[in-house]
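Notes follow the structure.
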Amino acid sequence: GHIYPGLAVVEELREMLDNSEFNSDGQKNYKIFWIGAKSGMDKELVSKSSVVDQFIGIPCGKLRRYFSLQNFFDLFKIVAGLIKSYFVLAKLKPQVVFSKGGFVSVPPCYAAKALKIPVFTHECDFTTGLATRLNTKVAKKLFVSYAETKESLSPSIQNKTIVSGNPVRPAFFNSDAKKGLEFIASIKNINVDDIDKSKPVLLVVGGSLGAKQINDLVWNNVDWLCQHFTVIHQTGKQDEIKQFDNPSYFQTEFIYSQMADVMKCCDIILSRAGANFLWEACAQNKPMVLIPLGGEGSRGDQIDNASYFEKKGCAIVIDCIKADDALLKDALEKVLDKDVRSKMSECAKILCGEKRATKIIAENILSELKAE
């Protein structure tokens, strides 16, 4: 969740640096390093992007919001991450450290503060998470996605806070609906012309690992859904995947780099309410039906995110505790109306504004670099 928006900022910053004195006479006079978790998907995703000069893995631990023995063991990982971050930054001597948040970002931010390196950090959710609250103590500037988030902070923090919106990858501003339809057709190995375009196209996404609740709701109502929509369903990696032989139902485990194009050719999105995905959908002005994740293990950030987008007129929200077949059908019946979808799309366009978050953040970082 923190990697893709971080890469979006890097792409924007590189473009600015390439057109500045940091790229004189065709010689690139800058380097961008990425410090991330040495285990997990960090290295794979960052390396595939080809926008950073080097990925550096560090040990990282997580402070959970519930009792777990893992919290004790992770304390040692956090200390190890802090020590490695200190020596990495002492060797690289960067002019600025930018953090996109997440538990892996805390040790590098505190190491940077100890080395007197300016720290900028960004919070994507409506409410600040623990990592951001910790990083803000050592940050020179805090970027937030929502004006209301800034207003909830203490006056001293507000003074160094900039409302930027959430960074969205360029692909979501330059997507191609035709390519999206081609990907959908490839799921069943059919021609694009064989896709029923007389009905609105519904994209169902529960996150990269899927969402069992959303999957079950879709599978329980496949016949009804396919009467009214052409359904594209990203299931994620699940223990049990159900198969349906319906010409209007397209099921795939994961949509990789094609997501922006697939989203472009869709009319409605049904999903959880992770901040990054919401802003990507908003950048494409897509009406949304949201079932935010709640309950144990969640601080309620998705509920806050979904509520905000609903208040702004971009989404219809279904309470995840109450979500059932009837509520799902009721919400989707509302967005069958073209006028309703048009109004929601216009609200999304207004919410995104004219200036991209990546540009606001990159401009501030570049100003810091020039001031050094």
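Here are some notes:
- Among (i) 249; (ii) 140; (iii) 149, the entry that matches volume of the Cα convex hull per residue in Å³ as calculated here: (iii)
- Normalised per residue, the accessible area of the chain is 49 Å², obtained with a 1.4 Å probe and no contribution from ligands, DNA or RNA.
- Distance (nanometres) between label positions extended 7 Å along Cα→Cβ at residue 90 and residue 25: 3.5 nm
- Carbon plus sulfur fraction of accessible area for region 130-235, probe 1.4 Å, in percent: 49 percent
- Our summary gives the chain a relative contact order of 15 percent, counting only alpha carbon pairs under 8 angstrom and 6 or more residues apart.
- Here the sum of -39500 (n - 2.57) over DSSP H runs of 4 or more residues, divided by the residues of the chain, equals -13500 deg cm²/dmol at 222 nm, to the nearest 500.
- Largest accessible area first, the residues 335, 104, 340 order themselves as 340, 104, 335 under a 1.4 Å probe with ligands, DNA and RNA left out.
- Using equal-weight Cα scatterers in the Debye expression, the normalised intensity of region 251-327 in log10 at q = 0.17, 0.23 Å⁻¹ is -0.68, -1.11.
- Cα shape, region 67-128, gyration tensor, a/c 1.5 rule: oblate
- Gyration tensor (alpha-carbon) shape descriptor, region 166-244, a/c threshold 1.5: oblate
- DSSP-assigned coil residues among GluC sites (Glu not before Pro) in region 145-240, each with at most 11 further Cβ atoms within 10 Å: 240
- Which listed pairs, of 137/160; 84/113; 199/264; 188/338; 141/370, have C-alpha distances above 18 Å, in listed order: 188/338
- Under the combined filter of DSSP loop state and at most 14 neighbouring Cβ atoms within 10 Å, region 186-294 retains these trypsin sites (Lys or Arg not before Pro): 197, 237, 242.
- In terms of overall dimensions, region 218-372 has a Cα radius of gyration and Dmax of 17.6, 62 angstrom.
The values are calculated or read from the model by the stated rules, or taken from the named source; none is laboratory data. Keep in mind it's a predicted model, so treat the numbers as computed, not measured. Counting neighbours? That spans all protein chains shown, and the Cβs are built from the backbone with ideal geometry, glycine included. Ligands, DNA and RNA are stripped out before the accessible areas are found, and what is left, the full protein with its side chains, is counted by its heavy atoms. Shrake-Rupley method; radii C 1.70, N 1.55, O 1.52, S 1.80 Å.
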